[in-house]
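Here is the structure we will look at.
Quick note: the coordinates plus some simple rules give every number you see, no bench work behind them. Worth saying up front: this structure is predicted, and the values here are computed from it rather than measured. Please note: Cβ atoms are built from the backbone with ideal geometry, for glycine as well, and neighbour counts cover all protein chains shown.
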């Protein structure tokens with residue numbers, strides 16, 4: 001029997017929350033430590049299940065991983081093992097981020113095809129083509145990505161068909177130890193990619209253009225350990241913003257960077273939210289029923305796909321009709337059927353969801369299919385009449401530490417069972 005969230009709907013969320021380090025950054029930072037021998041310390045680490053999985057993966061590769069509060073120390077050996085087995089990789093998509101560092105540092109890597117959230121196919125073609133452009137041989141064999149570069153890597157110009165975060169990071173972490181210059185065109189611009197790049201630069205890499213669509217890497221012979229603080233989790237921060245809007249609440253979010261949420265804030269303002277920003281966070285107030293807003297998910301700086309379930313949950317009870325278009329992960333709409341069990345009026349056609357706002361949802365048992373879908377269902381349950389049970393809470397645990405406790409501190413009636 002897996003844990004569940006039990007929610008009794010009704011009431012506004014009021015109060016203050018603090019946002020910790022980003023899941024989408026810290027796992028990649030941990031993987032990047034494989035590039036140098038010695039001890040690294042990563043701070044502002046969130047207390048989530050995926051950090052434990054990455055810790056286990058690095059331990060199996062010969063590293064020593066120690067957790068102290070919100071910091072993780074990783075001691076990397078002179079010759080880390082190059083195989084990442086399926087039993088761990090299947091649990092978490094970010095496991096693929098050990099591929100680039102291992103090929104660059106050890107000259108070979110065998111990484112099982114990754115698992116993670118059920119949000120649609122996320123092929124590794126761009127990762128493989130990027131490593132091949134740097135001179136590695138790479139193929140999928142017996143369920144593993146097998147890459148080899150016994151004579152090292154050589155810089156190249158790499159044009160990505162899509163600004164994939166994972167492919168950008170894998171190419172970048174491989175190119176830092178390549179001979180010569182590598183240029184990544186159509187690179188991902190997400191703050192998490194910038195965070196990894198800044199960590200690599202602190203280790204002695206020479207990377208420029210972070211946060212733009214063209215990243216240039218001058219290869220170096222060797223990197224060294226460094227300490228780094230994980231950037232704030234913009235998805236969790238954005239989730240609290242939508243939680244305030246959905247419940248007609250008033251939430252102050254500390255420890256977040258509002259500059260990373262420009263488009264979501266535009267949508268929330270259009271929906272009627274009142275947003276004020278400060279150096280250490282922001283405040284979101286909603287004093288009436290939300291107005292329905294259209295949105296299309298896009299790579300950063302566009303509207304994040306990871307906040308798509310939250311804006312659908314808001315539109316489900318908003319005044320008016322809306323269309324949400326998913327341009328990143330086609331499986332994101334899997335949770336719409338579950339939202340329909342709560343009484344939402346949503347029709348999906350291709351990568352568009354047409355939503356007719358209803359005045360009231362009604363509680364029912366639903367199932368989380370991934371991290372963000374699970375959170376979106378919990379938020380919908382907060383404004384549903386009666387009891388909502390969200391099953392498979394382990395999905396939420398992978399990306400949202402202490403979610404039930406934080407909701408209760410804001411006045412919600414939520415418990416874990």
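On the basis of the beta-carbon distance and an R0 of 25 Å, residue 132 and residue 75 show a calculated FRET efficiency of 0.20. So if we plug the beta-carbon distance of residue 85 and residue 288 into 1/(1 + (r/R0)^6) with R0 = 56 Å, what FRET efficiency do we get, rounded to 0.05? Calculated transfer efficiency: 0.60.
Here the label points at residue 325 and residue 408, each 7 Å from Cα along the C-beta direction, are separated by 4.3 nm in the simple model.
What is the range 23-229's relative contact order, in percent, from Cα pairs under 8 angstrom and six or more apart in sequence?
So the answer I get is 20 percent.
Site pair residue 277 and residue 262 shows an inter-label distance of 0.8 nm when each label is modelled 7 Å from Cα along Cα→Cβ.
Annotation: Cα Rg of the chain relative to the compact-globule expectation 2.2 N^0.38 Å equals 0.98. Listed peptides 22-34, 239-251 appear in the order 22-34, 239-251 once ranked by packing, highest mean of other Cβ atoms within 10 Å at the front. When the P(r) is computed for the range 106-219, the part past 17 Å accounts for 53% of the Cα-Cα pairs. Its convex hull of Cα atoms gives the range 169-305 a direction-averaged projected area, equal to a quarter of the hull surface, of 8.8 nm². When only C-alpha pairs under 8 Å and at least 6 residues apart count, what is the relative contact order of the chain, in percent? Reported relative contact order: 20 percent. In terms of surrounding Cβ atoms within a 10 Å radius of their Cβ, 88, 113, 57, 131 rank from fewest to most as 113, 88, 57, 131.
Entry for the range 285-379 at q = 0.18, 0.21, 0.25 Å⁻¹: log10 I(q)/I(0) = -0.76, -1.04, -1.44, Debye formula applied to identical alpha-carbon scatterers, no solvent contribution. Potential lengthening of the chain between residue 345 and residue 362 amounts to 4.9 nm, from the contour at 0.36 nm per residue minus the alpha-carbon distance. The modelled label-to-label distance between residue 337 and residue 229, using points 7 Å beyond Cα along the C-beta direction, is 4.5 nm. Counting neighbouring beta carbons within 10 Å and listing from fewest to most, the residues 377, 223 come out as 223, 377. Considering only the Cα atoms of the range 194-242, their convex hull presents on average a projected area of 4.3 nm². With Cα atoms as the point set, the radius of gyration and Dmax of the range 23-229 evaluate to 15.1, 41 Å. Quick one: grab the alpha carbon gyration tensor of the range 319-364, order the square roots of its eigenvalues as a ≥ b ≥ c, and give me rounded if a/c is under 1.5, else prolate or oblate depending on whether a/b is larger than b/c. Oblate, since a/c reaches 1.5 and b/c is not below a/b. Over the chain, dividing the summed -39,500 (n - 2.57) contributions of all DSSP H runs of at least 4 residues by the number of residues returns a 222 nm mean residue ellipticity of -8500 deg cm²/dmol.
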